[in-house]
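First up is the structure itself, then whatever we jot down about it.
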Amino acid sequence: MQITINIELMDGPSLQHQIFESIRRQILDGHLKTGSLLPSTRDLSQQLGVSRNTVTLAYNRLIVEDYIFTRKTVGTFVNEHLPESFPVPEETSSPDQATGELHSLRHPVLFKGKSQDVVNPNRRKLDIDFWVGRPDPHTFPTKAWRRILLKNLSIAGSSLTEYSNPVGILKLRQAIAEHLGPARGIKASANQIIIVNGIQEGLNLVSRLLIKEGTQVVTECPCYQGAAYTFESYGARINPVPVDNAGMDVEKLPLGQTSLAYVTPSHQYPMGGTLSLERRLRLLNWASATGAYIVEDDYDSDFRYNGSPLMAIAGQDRNDCVIYMGTFSKSIGAGLRLGYLVMPKDLVEPAKTVKTLMDNGHSYLDQAIIADFISSGFFAKHLRSIRHTYLIRRNTLVDSLQKHFGQISLSGLDGGMHIAWYLPKSFPAANEVQALAEGIGVGAYSMESAAACHLCYNECSDRIIVLGYSSLNEGQIREGIARLAGVLQLKIK
Ligand SMILES: Cc1ncc(COP(=O)(O)O)c(C=O)c1O
């Protein structure tokens, strides 16, 4: 073990006294706890670059004065009963007053903002949790992962001890570029791709590039909290544009200067609508006319159940104005913390600089594994398999809701990992439904609790229940909805 001792080699007290005094003080002020083991005289003399005899003399004095004791062949320890305690400064005012004065001297925290709940705070109370956006842990491709991990570990060499390119290793950026062509219709070079610590880091990176105090930003309404809160934390003035079943109502886009418009066109978060082709083209025209960037958050687009997926807006962009964001959080697992941005060409260089300032890049090994996972074809196979599983779960959820509640109004069925349920007028409000469900061990969520914010509050805002289904098996889904029906029967007017 090592302890921290600063000694002065120049004039002043002897080295022996400095070591004695330093250890004595650390014992008295509690940094060295009673009973804790001290370094041997040999180790401490080597650590400090002094003779062993000097340390032995200091230890002997500490033993004589009852601060430490030696157990033969075991080591030297701090005494349980100390000869004195460290003098505490006299209190001149009440503790509260002292803390208050201290705080008024402290520099204020300049950050102002709030964050979304990433982990459900009540999850331990729940037997069946319809929390949103969670892949099923049983579907994690452990076997293939282990094989690819071991192979990459054995050939990694200096890649594990040296920094790699902060924007991501080339083989991963190439694999993503190749995947995005057929999967999302995006033609991008590896140079435009920036590996990020999930979309959340991408939102911060883009905010650093495009937002300062007072910048106008368009978001959907309702909108993913993680995006709106991030933009606000950089000083953005949010201009919410309402959504309907076909995504953002682009007729309501503002005409003034706007830095960016944030959209989730594949599966609007949280309402689940798909932005129609016509609206995509209008949005692109609006961006060209106003000079705004479009930030396309494609978080769960790997899951499409009805109809063929629409090409990403980035695939239709002819004016280099779309910043595309993808993530492996939904397709493989959020624990990986890996996502990517496809940047318009004129933003590539500034984005590289910001990314380097933010975190110097990512774990080499995780990137290498995902790169091989994609290029060996495992990723495509994995997606086919979980898509099928999630489709069955979505159908089970819809059937269960219909069985217990009859005609219901749902949105977001065409893809993704959750649906939104418009509660009938006779039902309690969403917050109450959530509380009642929680009381019987079921997690069912109001928009607010499901990390969505309704910036333009309307009559729908507290009538929506969001239900994630991807991490629950069919039995759990049926049981969860049956329990919910049981508790709600008593409350329906
Ligand atoms: C709409 C939306 N965007 C982005 C994210 C965050 O993704 P990541 O884990 O890649 O940061 C989420 C997370 O649930 C989400 O719902």
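Distances between every pair of Cα atoms in segment 140-378, grouped in 10 Å steps from 0 to the bin holding the largest one, split as 8, 33, 36, 18, 5, 0 percent. The calculated 222 nm mean residue ellipticity attributable to helices in the chain amounts to -12500 deg cm²/dmol, summing -39500 (n - 2.57) over DSSP H runs of n ≥ 4 and dividing by all residues. With kT/(6 pi eta Rh) evaluated at 37 °C and eta = 0.692 mPa s, and Rh the Kirkwood radius from Cα pairs, the chain diffuses with a coefficient of 123 µm²/s according to Stokes-Einstein. Around the Cα centre of segment 140-378, unit charges on the Cβ atoms of Lys, Arg, Asp and Glu (plus for the first two, minus for the last two) sum to a dipole of about 540 debye. In the complete set of protein chains, residue-level accessible area for residue 414 is approximately 60 Å², probe 1.4 angstrom. Simple point charges give the picture: +1 on the Cβ of Lys and Arg, -1 on the Cβ of Asp and Glu, and for segment 15-78 a dipole about the Cα centre of about 200 debye. The GluC sites (Glu not before Pro) of segment 8-85 meeting both criteria, a DSSP state outside H, G, I, E and B (loop) and at most 12 other C-beta atoms within 10 angstrom of the site's C-beta, are 8, 80, 84. Ordering 40, 63, 167 by Cα displacement along the dipole of the chain toward the positive end leaves 167 in first place; charges were set at the Cβ atoms of Lys, Arg (+1) and Asp, Glu (-1). Using the average count of surrounding beta-carbon atoms within 10 Å as a protection proxy, the listed peptides 328-336, 155-163 rank, highest first, as 328-336, 155-163.
Counting only DSSP beta bridges whose two residues both lie in the chain, roughly 60 percent are antiparallel. Across every direction, the projection of the convex hull enclosing the Cα atoms of segment 15-78 has a mean area of 3.9 nm².
In plain terms, the chain from residue 320 to residue 409 could stretch by 28.2 nm, reckoned as 0.36 nm per residue minus the Cα-Cα distance.
Would you mind checking the pairs 143/345; 252/352; 330/403; 112/355 and listing those with alpha carbons more than 31 angstrom apart? Violating the 31 Å limit, Cα to Cα: 143/345; 252/352. Considering only alpha-carbon pairs that sit under 8 angstrom and 6 or more positions apart, the relative contact order computed for segment 15-78 is 41 percent. In this structure, the amide hydrogen of residue 415, modeled 1.01 Å from its nitrogen in the peptide plane, lies closer than 5 angstrom to those of 305, counting only residues at least 5 positions away or on a different chain. Between residue 257 and residue 357, the modelled label-to-label distance comes to 2.1 nm, taking each label 7 Å out from Cα in the direction of the beta carbon. Each Lys and Arg adds +1 at its Cβ and each Asp and Glu adds -1 at its Cβ; summed about the Cα centre, the chain shows a dipole of about 1680 debye. Computed over segment 140-378, relative contact order equals 29 percent, with contacts defined as Cα pairs under 8 Å that lie 6+ residues apart. Screening the chain for DSSP H helices whose Cα atoms reach 24 Å or more along their own axis and whose mean Kyte hydropathy is at least -0.5 gives 378-405. Can you list the residues of segment 13-33 with backbone N under 20 Å from a point 7 Å past the Cα of residue 2, pointing along Cα to Cβ? Only 19-20, 22-24, 26-27, 31-33 pass the distance filter. Residues 212, 171 ordered from highest to lowest accessible area at a 1.4 Å probe: 212, 171.
The values are calculated or read from the model by the stated rules, or taken from the named source; none is laboratory data. Predicted model only: the values in this text are computed from it and were never measured. Cβ coordinates were reconstructed from backbone atoms using ideal geometry, including for glycine residues, and neighbour counts include every protein chain displayed. Accessible surface areas use protein heavy atoms only, side chains included; no ligands, DNA or RNA. Shrake-Rupley method; radii C 1.70, N 1.55, O 1.52, S 1.80 Å.
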